[in-house]
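The values are calculated or read from the model by the stated rules, or taken from the named source; none is laboratory data. Every value quoted in this text rests on a predicted model; they were computed, and no experiment measured them. We place every Cβ from the backbone using ideal geometry, glycine too, and count neighbours over all the protein chains shown.
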Amino acid sequence: MTVRARVLSVVLLLGVATAAGAADRITGQVFATRSEVHAPEAMAATSHPLATQVALDVMKAGGSAVDAAIAANAALGLMEPTGNGIGGDLFAIIWDPKTGKLHGYNGSGRSPMSLTAAEFERRGLADIPAHGPLPVTVPGAVDGWFALHERFGKRSMAENLAPAIRYARRGHPVHETIAYYWARSVPRLSKWPGFSEQFTVADVDADGGRRAPRNGETWKNPNLADTLQKIADGGRDAFYQGDIARVIGDYFAANDGFLSYDDLAAHRGEWVEPVSTNYRGHDVWELPPNGQGIAALQILNLLEPYDLASYGFGSVEHVHLFTEAKKLAFADRARWYADPAFQPAPVAKLISKDYARERGKLMSPDRVLREAQPGTPRQLEEGDTIYLTTADADGMMVSLIQSNYRGMGSGMAPPGLGFILQDRGEQFVLGDAAHPNAYAPGKRPFHTIIPAFVTKDGKPWLSYGVMGGAMQPQGHVQILLNMIDFGMNLQEAGDAPRIHHDGSTEPVGRATVMSDGGRIELESGFPEATVRALMDLGHSVRRALGPYGGYQAIKVNPQGGYTGASESRKDGQAAGY
């Protein structure tokens, strides 16, 4: 970053509080909430301090970064049920120092085999409901744990799950942001069988009423403890082919659902090859569809020709060009991203520099795209989530993301199991059988959750992710722009005010098409002059509360060890030893 750009960045943001809660600092950017964390041997960054400590304890006891990630994820399913749990799916990217290679895992589940598109039509539904039994797909997280552990684990799965089991039985205090989202979920989900009984507490102020646990209150989940113990004792098959699967199948059969024992028994995730593009000397890695990771690569390719550093962070050029690139990438996202077993996307073409040059001709520094149609590659003419990352003393690094989709998921909580099934099936398209993401039995839906990784000169540089539905690829790009173009450190890159563009053509529901340019939502901290200039260009600009995602990251320190950062908008922590 040039001196001029850094000075401009500071001047633009000086004295303006961000949504993350800025304070005057004697070092670094004024919007930074705290310093980066450095450690010589190992690092963990998660969205809950206790989960971070669980991960560090596992690595101190000889576990690998994969063991630590599994243990932390299990703890987060208990501690942050507003974003994840064993009723959801999992994706991961692992750096293996022994082979010097990245490995990707797609742990997404499929739709029930007995649920057809005709059933939605019979019920008069134009879209798949957000909650209840119909949007539920097979949960892939537990299978993902065991697949990762089989390749890269050092400790037993029983040892990895023990901390979560202990906290589930003894209890832990609920944290502030989690309590906020939990309270929002209860009114929406309490009507579904098993939810209120297992995920609310008695409200002494309301006769017979139930409510979410509040900030600082102790929460126990003995049902989840029992379920995790069965998995620890019996392995993955205890979940997919044992009593747990039978309880799930019976529960859905009794509650107008379609997910069955056979659907669970047939599930397997898969190892996949990560794909990448190079952005200013950094190889940025994502997983291919059915996730949306390659949208981040497409946006980076579209932005690379522009000298963003000279424009400066928070400038009208920065926000405008980012938004226009996002619109173009998301048009392709709506057209091509889906389960490759049903319709493979032309991934190599979509993330190529030649394709970016072709598409980039549609971008202009002084014009707003009202419509963004998908490209035609020549060869083919609300969600809440947790993200965590771990790194061990041997150099292994894990980038892992896991989710129930909408907050606490479908609301469907089978009796005695202590978890909620995801509602990821809501993201299928109905009414257009030719669409790549059209609903079909046994199909994986379009997925929003995406882990990311960056290498430089063939060596690991950064493991990171940004939670939050369609914000995720937008967040992935912004973190890298902040670091590579605007010269921010790891924590500043996450604390900086964020851009969220809404209203693009979407691959879900009725596959809506953008016709008005969408809307730019700017987090507090962008200069009023930038807002006015964007409006003069023709952008619709507004403020919004909460769509800006959550970030965790670990960067390799060239002097040895790691640097960590954690999202100031969440309850999390980066720590190491």
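Tyr577 meets the conditions (1) in contact with a helix residue (DSSP H, G or I) (Cβ under 8 Å, 6 or more places away or on another chain); (2) of a type in the set (Phe, Trp, Tyr); (3) buried (at least 22 other Cβ atoms within 10 Å of the Cβ) in every case but one. The failed one is (3). Checked against (1) in contact with a Pro (Cβ under 7 Å, 6 or more places away or on another chain); (2) surrounded by fewer than 24 Cβ atoms within 10 Å (Cβ to Cβ), Leu287 passes all but condition (2).
Does Arg6 qualify as being at pLDDT below 50 and out of contact with any helix residue (DSSP H, G or I) (no Cβ under 8 Å at 6 or more places or on another chain)?
Details: at pLDDT below 50: yes; out of contact with any helix residue (DSSP H, G or I) (no Cβ under 8 Å at 6 or more places or on another chain): yes.
Yes; evaluated as a whole, the condition is true for this residue.
Identify all residues within segment 321-352 that are part of a loop (DSSP other than H, G, I, E, B) and surrounded by fewer than 22 Cβ atoms within 10 Å (Cβ to Cβ); write none if there are none. Even if it seems obvious, please write down each step before you answer.
Filtering segment 321-352 down to residues part of a loop (DSSP other than H, G, I, E, B) leaves 337-346, 351-352.
Passing the criteria: Pro340, Ala341, Phe342, Gln343, Pro344, Pro346, Ser352.
You will find that of Gly431, Gly395, the residue that is outside the structural domain of Ser108 (by TED's automatic domain parsing), at positive phi and modelled with pLDDT of 95 or more is Gly395 and no other. Of the residues making up segment 96-124, those that are part of a helix (DSSP H, G or I) and of a type outside the set (A, V, I, L, M, F, W, C) are Glu119, Glu121, Arg122. Condition first: part of a loop (DSSP other than H, G, I, E, B) and crowded, with 21+ Cβ neighbours inside 10 Å. Can you find one or more residues in segment 231-238 that meet it? No, segment 231-238 contains no residue that is part of a loop (DSSP other than H, G, I, E, B) and crowded, with 21+ Cβ neighbours inside 10 Å.
Here Ala493 passes the criteria (1) at pLDDT below 95; (2) surrounded by 20 or more Cβ atoms within 10 Å (Cβ to Cβ); (3) under 20 Å from the mean Cα position of the chain (by Cα) except the one numbered (1). The numbered conditions (1) assigned to a loop (DSSP other than H, G, I, E, B); (2) over 14 Å from the mean Cα position of the chain (by Cα); (3) closer than 24 Å to Leu287 by Cα are all true for Ala413 except (3).
Residues of segment 150-182 being among the β-branched types (Val, Ile, Thr) and assigned to a loop (DSSP other than H, G, I, E, B), which ones?
Taking segment 150-182 and keeping what is among the β-branched types (Val, Ile, Thr), we get 165, 174, 177-178.
Result: Val174, single match.
Residues considered: Tyr355, Tyr405. Of these, the only one that is surrounded by 24 or more Cβ atoms within 10 Å (Cβ to Cβ), touching a helix residue (DSSP H, G or I) at 6+ places or on another chain (Cβ under 8 Å) and among the aromatic types (Phe, Trp, Tyr) is Tyr405.
Could you tell me which residue of segment 408-430 is surrounded by the fewest Cβ atoms within 10 Å (Cβ to Cβ), considering only residues that are under 19 Å from Pro507 (Cα atoms) and in contact with a Leu (Cβ under 8 Å, 6 or more places away or on another chain)? Residue satisfying both the conditions and the ranking: Leu430.
If Asp262 meets every condition in (1) closer than 29 Å to Met412 by Cβ; (2) in a loop (DSSP other than H, G, I, E, B); (3) touching a helix residue (DSSP H, G or I) at 6+ places or on another chain (Cβ under 9 Å) apart from one, which number is that one? Single failed check for Asp262: (2).
Tell me yes or no: at least one residue of segment 112-127 is modelled with pLDDT of 95 or more, surrounded by 21 or more Cβ atoms within 10 Å (Cβ to Cβ) and within 20 Å of Phe428 (Cβ to Cβ). Yes, the conditions are met somewhere in segment 112-127.
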